[in-house]
Structure formats: structure tokens, C-alpha cells
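The values are calculated or read from the model by the stated rules, or taken from the named source; none is laboratory data. What you see is a predicted model; the values in this text were computed from it and never measured. Positions of Cβ are generated from backbone atoms using ideal geometry, with glycine treated the same way; all protein chains shown enter the neighbour counts.
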Amino acid sequence: MDIPVYLINGFLESGKTSFIKTTFEDPEFINTSRTLLIICEEGIEEYDVEEYKKKNIDVVYATDIGALDAEFLEELNRKYRPDKVVMELNGMWKMEDVLEVDTPVGWITVQMITLINGETFESYISNMRSLIVEEFKYSDTIIVNRCEKLDRKSVRRSIKPVNRKAQILYETAGGMEAGGGEDDELPYDINQKHIDIEDDDFGLFYLDVIDNAKKYDGKEVSFRAQFYRNQNMPKDTFAPGRFAMQCCENDIGFIGIISRISSTYKDFFPTHRDRDWVYVTGIIKNQFCREYRGKGPVIYVNNLRDCEPAAEDIVYFT
């Protein structure tokens, strides 16, 4: 029988313990099953271990990543015979180390939830960016609490480049709310028929058009980009784009959008090399594309010309 494992991550004072306590108050989650809670970090809040025993919740501490090995987990599995496992992780541990731990047969990680303290987010993202971004990368759901004064744009722009599928939730004094309203965070008016993309905004445009190609269908866009084309592309296809930094210098990569040209520009490709700067104008269509392995934004170019390089070579998702 499969045993679902829930990973709850976040730095100290991010609200992990409060979240788990609230979850354990939900009768649908606890029901009559036996739950094993593995605590990898002792926080400020404490659990009522004796009270949890009455609810078939067993609490075990494992605050040393070196001790969290296959033998230890197998022993817990034999001793407690859990129907489900909840692990409160240590936010300072590397997620790759956690995910490499061999778990007992049948243990299946079904969800990873990361908690963020909105009051300390800016400090963490400035001083420990690579560590917090690693948490974002593997998370299914990210809950930002105490976020009344937090710039939500900053949160989304830190998460989406490394994990587009993560659901973002914001918890305020008024309760939990979905991380919607992305259109309000865009630096251009999505309702316009023609959208001029400023050089510094290309990263945000790329994220949004890739995730939400349908809402750009039929819109005309103009932007400055670097020429890119490989020999496997159809003869009328290239992918103008920019080099972008996701979380650190080691994560700089090229991001481009599949584009098609008409016969008017058939002589353009032979005279241009990768990284040449071009100014592209075209109509976006949301359609199946081999390069995307599914539907995605394809730009049908109606104007293509050389241009001066952008002031900055690298774009950011901010």
C-alpha cells in the first residue's frame, strides 16, 4: 500500500509548525489513519505530543540530516506503521540532499509545501537567494503569510522563473487567498491590441506569454531581441530572445519565442548570426508547435530589422 508523504518546508519562523497544527485539526486529513510526524527543526512553537497520541499522530525528531537515512526511516516505518507521513523540514538543508534520501518501499512524496514569512522575505531573497530559490524549485504550493506589507510582484518574480507550475497563496489577517492578479503586475497594458515591450520587461513578458499564450492570441507585439536559429528549425523559423538570469550567475540561459517569417524576409536568415540584435514586430498566435511539444505562443513576423543592442545584455525576471 502506498504511503503518502507531505513535505513542509520553510525557514525558521516561516509558520511551518502553525500550518501543520492547523492541518492536524482537519478531521478529513487525520480521519482514522495513523500519521507519523517527523520534525527536522525545533522551532519556537511546540507540539503537544501526548495529545497527538490520542489522535493516532506519532511525533519523532530527526534534526540531523546525516541521521535521516534509509535505515532510520525503515525503522520508523516498522515501529509506527504509518498510513501517512508529514515531514517538517529544516529550511537550511539543501533540498537535493533531502530528496536523495532513500525512503521505505511505498513511501510516495505527494506534495511539497513551502511557507514564507512575508516580513523577512526581502532579507532572505537578498542574502540567501540560492537557498530559498532551491525551495521554490521543488514546491507544489507556496504559502506566503504575514504579507500585508509585502510587494507580491517581487514574490512572483522570484518564484515563476524557476517553477512556473507552483501555486502561490497569500495568507493575511483576512484568511487565505490565491495569488492571482498577474495582469495587474505586468509593466504593460495587456488590453492593448499592440504592445511595445521595453528592453527591461522582456523577462516578464516571456514568462507571461509562455504561461498564458491564450490571452495574447491575436495581439501584436514589438520588442528588441537577439537573433537565434538552429539547423533543426523549419526554414521560416527562428527564436528571437534574450539571455536571462534566474537566480544567480550560474543560471543564465537563453529564452526565446518561436517566430515565423514570410517570404518577404527570406534573405534575412543567411545574413545574420546568433546574438545579432534585431527588432521584431508580429502577431502572436496560440497554436500547436513542435518546439513547445504542445500549444504555445508563435509570433508571425510582419516587420523585422536590425537594431542597436539593448543597454543591458542580461534581463531579469523583476
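Looking at Val101, Val105, Val144, Val110, which is the one that is of a type in the set (A, V, I, L, M, F, W, C), touching a residue at least 60 places away in the same chain (Cβ under 8 Å) and assigned by TED's automatic domain parsing to the domain that holds Ala62? Break it down stepwise before answering.
Numbers: Val101 fails: touching a residue at least 60 places away in the same chain (Cβ under 8 Å); Val105 fails: touching a residue at least 60 places away in the same chain (Cβ under 8 Å); Val144 fails: touching a residue at least 60 places away in the same chain (Cβ under 8 Å).
The conditions single out Val110.
If the requirement is being surrounded by fewer than 13 Cβ atoms within 10 Å (Cβ to Cβ), β-branched (Val, Ile, Thr) and in the same structural domain as Pro234 (by TED's automatic domain parsing), which of these qualifies: Thr281, Thr264? Talk me through it step by step, then tell me what you get.
Working: Thr281 fails: surrounded by fewer than 13 Cβ atoms within 10 Å (Cβ to Cβ).
Of Thr281, Thr264, the one residue that is surrounded by fewer than 13 Cβ atoms within 10 Å (Cβ to Cβ), β-branched (Val, Ile, Thr) and in the same structural domain as Pro234 (by TED's automatic domain parsing) is Thr264.
Only one of Tyr228, Tyr279 is in a strand (DSSP E or B), under 17 Å from Leu304 (Cα atoms) and in contact with a strand residue (DSSP E or B) (Cβ under 8 Å, 6 or more places away or on another chain); which? Show your work before the answer.
On the way: Tyr228 fails: in a strand (DSSP E or B).
The match here is Tyr279.
Anything in the range 73-96 that is in a helix (DSSP H, G or I), over 15 Å from Leu115 (Cβ atoms) and at pLDDT below 90? List them, or say none. Show your work before the answer.
Keep residues of the range 73-96 that are in a helix (DSSP H, G or I), which gives 73-80, 95-96.
Checking the rest, the ones that are also over 15 Å from Leu115 (Cβ atoms) come to 73-80, 96.
Hit for the range 73-96 is Glu96, nothing else.
Is it true that some residue in the range 101-113 is at pLDDT 90 or above, outside any loop (DSSP other than H, G, I, E, B) and among the aromatic types (Phe, Trp, Tyr)?
Of the residues in the range 101-113, the ones at pLDDT 90 or above are 101-113.
Still in the list and also outside any loop (DSSP other than H, G, I, E, B): 107-113.
Of the ones still in play, those that are also among the aromatic types (Phe, Trp, Tyr) are 107.
So far as the range 101-113 goes, yes, one or more of its residues are at pLDDT 90 or above, outside any loop (DSSP other than H, G, I, E, B) and among the aromatic types (Phe, Trp, Tyr).
Are any residues in the range 304-318 assigned to a strand (DSSP E or B) and either in contact (Cβ under 8 Å) with a residue 40 or more places away in the chain or of a type in the set (Phe, Trp, Tyr) (or both), and if so, which ones?
Narrowing the range 304-318 to residues assigned to a strand (DSSP E or B): 304-306, 314-316.
Passing the criteria: Leu304, Ile314, Val315, Tyr316.
Working carefully through the options Ile255, Ile314, find the one that is crowded, with 18+ Cβ neighbours inside 10 Å and on the phi < 0 side of the Ramachandran plot. Walk me through it before giving the result.
Numbers: Ile314 fails: crowded, with 18+ Cβ neighbours inside 10 Å.
Sole residue among the options that is crowded, with 18+ Cβ neighbours inside 10 Å and on the phi < 0 side of the Ramachandran plot: Ile255.
Which residue, of Ser158, Ser130, is modelled with pLDDT under 90, exposed (fewer than 15 other Cβ atoms within 10 Å of the Cβ), outside any loop (DSSP other than H, G, I, E, B) and of a type outside the set (A, V, I, L, M, F, W, C)? Spell out how you get there, then give the answer.
Working: Ser158 fails: exposed (fewer than 15 other Cβ atoms within 10 Å of the Cβ).
Exactly one of Ser158, Ser130 is modelled with pLDDT under 90, exposed (fewer than 15 other Cβ atoms within 10 Å of the Cβ), outside any loop (DSSP other than H, G, I, E, B) and of a type outside the set (A, V, I, L, M, F, W, C), namely Ser130.
Select from the range 133-152 the residues that are in a helix (DSSP H, G or I) and surrounded by 19 or more Cβ atoms within 10 Å (Cβ to Cβ) and write down the one among them that is modelled with the lowest pLDDT. Working first, answer last.
Step one: list which residues in the range 133-152 are in a helix (DSSP H, G or I), which gives 133-138, 152.
Checking which are surrounded by 19 or more Cβ atoms within 10 Å (Cβ to Cβ) leaves us with 133, 135-136.
On the way: Val133: 82, Glu135: 85, Phe136: 86.
If we take residues in the range 133-152 being in a helix (DSSP H, G or I) and surrounded by 19 or more Cβ atoms within 10 Å (Cβ to Cβ), then Val133 is modelled with the lowest pLDDT.
Given the criterion outside the structural domain of Lys165 (by TED's automatic domain parsing) and free of Cβ contacts under 8 Å to residues at least 24 places away in the same chain, identify the matching residue among Arg229, Arg290, Arg242, Arg275.
Details: Arg229 fails: free of Cβ contacts under 8 Å to residues at least 24 places away in the same chain; Arg242 fails: free of Cβ contacts under 8 Å to residues at least 24 places away in the same chain; Arg275 fails: free of Cβ contacts under 8 Å to residues at least 24 places away in the same chain.
Going through Arg229, Arg290, Arg242, Arg275 in turn, just one is outside the structural domain of Lys165 (by TED's automatic domain parsing) and free of Cβ contacts under 8 Å to residues at least 24 places away in the same chain: Arg290.
Restricting attention to the range 265-288, and to residues there that are under 19 Å from Val221 (Cα atoms) and of a type outside the set (A, V, I, L, M), which single residue is modelled with the lowest pLDDT?
So the first thing to find is which residues in the range 265-288 are under 19 Å from Val221 (Cα atoms), and the list is 265, 277-287.
Those still in the list that are of a type outside the set (A, V, I, L, M) too: 265, 277, 279, 281-282, 285-287.
Numbers: Tyr265: 92, Trp277: 97, Tyr279: 98, Thr281: 98, Gly282: 97, Lys285: 97, Asn286: 97, Gln287: 95.
Checked the range 265-288; the qualifying residue modelled with the lowest pLDDT is Tyr265.
Condition (residue is in contact with a helix residue (DSSP H, G or I) (Cβ under 6 Å, 6 or more places away or on another chain) and among the hydrophobic types (A, V, I, L, M, F, W, C)) applied to the range 168-182: is it met by at least one residue? Walk me through how you get there before you give the answer.
Pass one, the range 168-182, residues in contact with a helix residue (DSSP H, G or I) (Cβ under 6 Å, 6 or more places away or on another chain): none.
So far as the range 168-182 goes, no, none of its residues is in contact with a helix residue (DSSP H, G or I) (Cβ under 6 Å, 6 or more places away or on another chain) and among the hydrophobic types (A, V, I, L, M, F, W, C).
Does Glu41 qualify as being touching a helix residue (DSSP H, G or I) at 6+ places or on another chain (Cβ under 9 Å), closer than 29 Å to Met128 by Cα and either surrounded by fewer than 20 Cβ atoms within 10 Å (Cβ to Cβ) or not assigned by TED's automatic domain parsing to the domain that holds Glu134 (or both)? Lay out the reasoning, then the answer.
Working: touching a helix residue (DSSP H, G or I) at 6+ places or on another chain (Cβ under 9 Å): yes; closer than 29 Å to Met128 by Cα: yes; either surrounded by fewer than 20 Cβ atoms within 10 Å (Cβ to Cβ) or not assigned by TED's automatic domain parsing to the domain that holds Glu134 (or both): yes.
Yes; evaluated as a whole, the condition is true for this residue.
Testing Ile38 on (1) closer than 21 Å to Leu169 by Cβ; (2) not in a loop (DSSP other than H, G, I, E, B), one condition comes back false. Which one is that?
Condition (1) is where Ile38 drops out.
I'd like the residue in the range 188-220 that is in contact with an Asp or Glu (Cβ under 8 Å, 6 or more places away or on another chain) and part of a strand (DSSP E or B) and, out of all such residues, is surrounded by the most Cβ atoms within 10 Å (Cβ to Cβ).
Ile195
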